[in-house]
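The values are calculated or read from the model by the stated rules, or taken from the named source; none is laboratory data. Predicted model only: the values in this text are computed from it and were never measured. Note that we place each Cβ from the backbone using ideal geometry, even for glycine, and neighbour counts take in every protein chain shown. Calculation scope for accessible area: heavy atoms of the full protein, side chains included, ligands and nucleic acids excluded. Shrake-Rupley method; radii C 1.70, N 1.55, O 1.52, S 1.80 Å.
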Amino acid sequence: MTDEIFRHDGYVFEFEANVVSVNGDEVILDSTAFYPGGGGQVCDTGSIRDIRVTEAFYNKDGDIVHRAPGNDLTPGERVWCSVDWDRRYGLMQGHTGEHLLFCSLKRQCPDLTITKIMISPESKYVIVNHDLTWEQIRDAQRFANQAIVDNLAVTKSIMDRDDPDLEKVRIKLDRIPEDEEISVVAIGDIDLSACSGVHVMETGELEMLIVDRKVSAGKDGIAIHFKVGQEAKDAAADMTSIATAIVDEIGCKTEDSVRAVANSRHELDLYGRLLRKATKDLASRIPTEDVGGIQVYSAVLPGSDRAVLTDTAESVKSRGGVALIVGVTDTLSVIMASGDTRVDCRKLLPEVLKQFGGRGGGKPDFAQGGVQDAALADEVSKALKDAVLKSLD
Ligand SMILES: [Zn+2]
């Protein structure tokens with residue numbers, strides 16, 4: 001079995017070892033500081049001699065395999081190895097940050113459980129079983145950052161399966177094989193969690209912890225994304241600028257901004273519903289007219305609710321008629337639908353819109369397009385009707 005240096009010292013990143021076996025790209029050493037991944041934390045990268053190690057993982061015998069593509073290593077060779085330290089230290093900070101964040105969130109919601117963890121250079125998140133409010137997350141964040149200021153010790157100990165203190169530990173016993181010892185990580189006196197990953201020694205090393213996003217993770221729950229260290233500081237500074245710009249744009253006090261946005265959205269929903277109803281009413285009052293023996297529906301309507309316009313066009317088409325609808329917003333969006341094979345939307349619509357500097361396309365029975373200048377609505381509408389009449393000659 002490989003001697004796993006990271007188990008007793010997470011800060012060793014350069015070491016000497018003997019090559020035990022080489023099988024193509026896969027190299028086994030007698031001892032290694034390469035963390036093979038686990039507990040949601042991705043594996044280390046680095047080098048053996050001067051050869052790149054792109055991955056490290058456990059094989060079925062419990063040895064750590066280093067993937068070193070194109071290597072010329074030979075068994076028995078003594079080699080100088082190095083783990084990519086900045087990457088690894090970031091992962092240690094992230095992993096410790098995950099412990100700290102989760103125990104802080106759990107203080108807000110005692111029934112919170114972890115579904116999944118991801119600690120990689122690109123993203124750090126913990127998926128929890130249910131949503132939390134931003135107030136709860138803010139309070140958890142404060143608690144975590146106080147623990148960072150307090151510079152609590154992060155220590156590791158081994159516990160027996162029958163240790164009565166095990167009930168104080170966050171642990172998924174069913175995930176730990178019967179013959180495996182239980183490694184418990186403590187953060188000061190605020191958290192005990194079973195974990196065999198690599199961590200920093202003191203919470204002060206995290207520098208700062210922020211939650212910068214929460215998104216649905218489907219049936220797994222909610223993914224709480226976070227950052228630690230310099231990354232957290234940079235993100236916090238950026239987010240402060242963005243938030244300040246938003247508050248400035250809204251024109252309210254910072255503490256009122258969330259409510260102000262919610263109110264605006266509520267109003268917008270309301271206006272949207274009212275406009276949809278008004279557009280529908282208006283659309284239904286416009287009669288069709290006989291153009292060369294075809295029922296033509298020609299209308300200039302408010303264009304913000306495309307669904308209403310499309311539904312109206314489809315309904316005319318389904319009755320064998322032709323719909324010519326000009327929707328007005330800052331620009332014109334034009335919909336043409338035809339239930340009569342003599343009128344080809346794909347041909348007519350682009351021809352007409354081109355005269356007004358616009359473009360369009362689609363199928364023979366349904367086409368849509370646009371014109372930049374909203375002042376041309378009536379002219380576009382008339383030109384469309386003329387084109388239909390002309391095409392019937
Ligand atoms: Zn851990």
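With a probe of 1.4 Å, find how much accessible area region 1-142 has per residue, and write the answer as a whole number in Å². Before the final figure, lay out the partial values.
Working: 6260 Å² over 142 residues.
For region 1-142, the solvent-accessible area averages 44 Å² per residue.
Given a 1.4 Å probe and every protein chain left where it sits, what share in percent of the accessible area of the chain is carbon and sulfur? Display every interim value, and only then the final one.
On the way: 10600 of 20760 Å².
With neighbouring chains kept in place, the figure for the chain is 51 percent.
P(r) for region 220-286, from all Cα pairs and a bin width of 10 Å, is 17, 23, 27, 18, 11, 4, 0 %, short bins first. With springs only between Cα atoms under 10 Å, which of VAL328, VAL20, VAL154 fluctuates most in a Gaussian network model of the chain? Greatest mean-square fluctuation among the candidates belongs to VAL328.
Only lysines eight or more places from LYS317 in sequence, or on another chain, were considered; those with a Cα closer than 28 Å are LYS277, LYS280, LYS347, LYS354, LYS363, LYS382, LYS385, LYS390.
Using the Cα centre as the reference, give the magnitude of the dipole from point charges on the C-beta atoms of the chain (Lys, Arg: +1; Asp, Glu: -1; all else neutral), rounded to the nearest 20 debye. Please list the in-between numbers first.
Working: 45 positive and 66 negative charges, 515 e Å.
That gives a dipole near 2480 debye.
Farthest toward the positive end of the dipole of region 3-83, out of GLY39, SER21, ALA56, is the Cα of GLY39, where the dipole comes from beta carbon charges about the Cα centre. With springs connecting C-alpha atoms under 10 Å apart, model the chain as a Gaussian network and identify which of ARG49, ARG273, ARG87 has the largest mean-square fluctuation. The residue that fluctuates most here is ARG273. Each principal axis of region 3-83 carries a Cα extent, and these read 31, 23, 21 Å when sorted largest first.
TRP80 sits with roughly 140 Å² accessible to a 1.4 Å probe, with DNA, RNA and ligands left out of the calculation.
Comparing ILE286, ILE246, LEU275 along the charge dipole axis of the chain, the residue lying farthest to the positive side is ILE286, per the Cβ-charge model. Compared with the dominant principal axis of the Cα atoms in the chain, helix 345-355 is inclined by about 80°.
Which GluC sites (Glu not before Pro) in region 251-331 pass both tests, a DSSP loop state and at most 16 other beta-carbon atoms within 10 Å?
On the way: sites: GLU255, GLU267, GLU289, GLU314; in loops: none.
Sites meeting the loop and neighbour criteria: none at all.
A straight line joining the Cα centroids of region 1-79 and region 114-178 runs 28 Å.
Karplus-derived 3J(HN,Hα) values for region 290-299, using 6.51 cos²θ - 1.76 cosθ + 1.60 with θ = phi - 60°, are 7, 10, x, x, 10, 6, 10, 9, 10, 8 Hz; glycine and proline are entered as x.
Computed from Cα atoms, the angle from the helix 229-250 axis to the main principal axis of the chain rounds to 30 degrees.
Cα extents for the chain along the principal axes, largest to smallest and rounded to whole angstrom: 92, 55, 38. Computed 3J(HN,Hα) for region 10-25, one whole-Hz value per residue from the Karplus formula 6.51 cos²θ - 1.76 cosθ + 1.60 where θ = phi - 60°, is x, 9, 7, 10, 10, 7, 9, 8, 9, 6, 8, 8, 10, 10, x, 7, glycine and proline marked x. Within the same chain, lysines fewer than 8 places from LYS219 are excluded, and of the rest, those with a Cα less than 25 Å from its Cα are LYS106, LYS116, LYS124, LYS172, LYS227.
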